[in-house]
Ligand code: ATP
Ligand code: MG
Ligand code: FE
């Protein structure tokens, strides 16, 4: 089937076309620059930007695929989690297209989209696999069986901040530009990761082996910066960035590889915006190599939010014979990841 996927949960408007596991075309527009001066995503601005971008990105994705609207066999759309107003714009667009084309509509969990992104580059996921989802709002270690059919097992989640949030907040402390993740990654290249001994939260003997905590790291970075300021010393930004990035990458990859080893799972998949981080990728590769675990990480352009990953889930759901969403399906801004299909009922 030819599946159109639409993503609008945060500040990226994405559309993608997938046929039988292959990516035929995709386009992403971002309102990131409009949020920069506020230091974070402003929901109302994001929603308005989706209204502008939804039409053009769908057309661009179709053009790239060399297809027309009439070629679409199903429409998949992110119904949660994310910003309510932003999700509603994508869902309204998707419903309109699906209903007017007479094709089924599928609501998709955004994080299942991040997971499925990898299949577009590396083919079907092995069953089972361990997935580390590291994004702006989530950090979870998952045991994934058949993504389209089986419930996802949460081995562990973050108890407070997400890894991406930690990068974003640390960037602000270091005086680096928004969005923080890519800025920390760039700044860290010139720094010494051993320059500052940042903590490795929840890695002690009595700690939950698969749970994460990043709020303490943010506090440690703030204290370190404050100590320099109080002493009138210039902040060694590159060293701070490198050391913080090392701490995050160390904790993430250590726990992810341990989850594979403990559960006898031979494949680790790392997805989400933070999977774009150069140190996370390098350390994951080194540790997987050492543990005899196969590592899969999507290409950079499919790590951050996009429509192709939502189309990828839709394609899996169609081929698994999943029931489509009713036409009065709604959004769920805080939906936990249980199943890839997310069809919240309308609230009256
Ligand atoms: P969620 O998927 O949890 O709803 P989101 O969709 O906003 O959140 P993503 O688009 O998956 O998140 O990822 C964005 C996050 O990834 C941001 O926190 C950003 O700073 C981070 N990020 C992007 N590139 C990098 C990088 N190179 N290094 C570290 N972090 C990065
Ligand atoms: Mg974004
Ligand atoms: Fe995301």
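Note the per residue figure in Å³ for the convex hull of the C-alpha positions in the chain.
Per residue, the Cα convex hull of the chain comes to 133 Å³.
Tell me the label-point distance for the pair residue 234, residue 215, using the 7 Å Cα-to-Cβ offset, in nm and rounded to one decimal.
3.5
Could you order the peptides 328-339, 178-189, 61-72 from most to least packed, using the average number of other C-beta atoms within 10 Å per residue?
The peptides rank, most packed first, as 178-189, 328-339, 61-72.
More than 18 Å apart: what percent of Cα pairs in the range 189-323 qualify?
65
Taking 0.36 nm per residue of sequence separation and subtracting the Cα-Cα distance, how much length would be gained by fully extending the chain between residue 194 and residue 51, in nm to one decimal?
46.9 nm
For an R0 of 41 angstrom, estimate the FRET efficiency from the Cβ-Cβ distance between residue 319 and residue 159 and round to the nearest 0.05.
In this case the efficiency is close to 0.65.
Rounded, prolate or oblate for the range 1-76? Axes are the square roots of the Cα gyration tensor eigenvalues, ordered a ≥ b ≥ c, and the cut-off for rounded is a/c under 1.5.
Note, shape of the range 1-76 comes out prolate.
Hey, could you pull the Cα Rg and Dmax for the range 54-179, both in Å?
17.4, 52
Which FRET efficiency value, to the nearest 0.05, do you get for residue 71 and residue 186 by plugging their Cβ-Cβ distance into 1/(1 + (r/R0)^6) with R0 = 35 Å?
0.30
Over the range 1-93, what relative contact order in percent results from Cα pairs under 8 Å that are six or more residues apart?
40 percent.
Can you compute the helix-only [θ] at 222 nm over the chain? Use -39500 (n - 2.57) per DSSP H run of at least 4 residues, normalise by all residues, nearest 500 deg cm²/dmol.
Per the formula, -14000 deg cm²/dmol.
Sort out for me the Cα centre separation of the range 195-227 from the range 19-45, rounded to whole Å.
30
Please check which bits of the range 7-35 a label hung off residue 99 would reach, taking the label as a point 7 Å along Cα-to-C-beta and the cut-off as backbone N under 15 Å.
none
So how much slack lies between residue 263 and residue 278, counting 0.36 nm per residue of separation and subtracting their Cα-Cα distance, in nm?
2.7 nm
Would you work out if the range 179-238 is rounded, prolate or oblate? Take a ≥ b ≥ c from the square roots of the eigenvalues of the alpha-carbon gyration tensor; rounded if a/c is under 1.5, else prolate when a/b is larger than b/c, oblate otherwise.
Note, shape of the range 179-238 comes out prolate.
What angle, in degrees between 0 and 90 and rounded to the nearest 10, separates the Cα long axis of helix 308-319 from the longest principal axis of the Cα atoms of the chain?
With both axes taken from Cα atoms, the answer is about 50 degrees.
Which angle between 0 and 90 degrees, to the nearest 10, do you get for helix 237-263 versus the longest principal axis of the chain when only C-alpha atoms count?
60
Between residue 208 and residue 145, how high is the FRET efficiency from 1/(1 + (r/R0)^6) when r is the Cβ-Cβ distance and R₀ = 22 Å? Nearest 0.05.
Efficiency, rounded to the nearest 0.05: 0.50.
Once the range 227-295 is represented by equal point scatterers at the alpha-carbon sites, with solvent omitted, what log10 I(q)/I(0) does the Debye formula produce at q = 0.18, 0.23 Å⁻¹?
Rounded to two decimals, the profile gives -0.68, -0.94.
Hey, what's the Cα Rg ratio for the range 267-348 versus the globular rule of thumb, 2.2 N^0.38 Å?
The reported ratio for this selection is 1.42.
Any read-out appearing in this document is the output of simple, stated calculations on the displayed coordinates, not a laboratory observation. Fair warning: this is a prediction, and the values are worked out from it, not measured in the lab. Note that each Cβ is placed from the backbone with ideal geometry, even for glycine, and that neighbours are counted across all protein chains shown.
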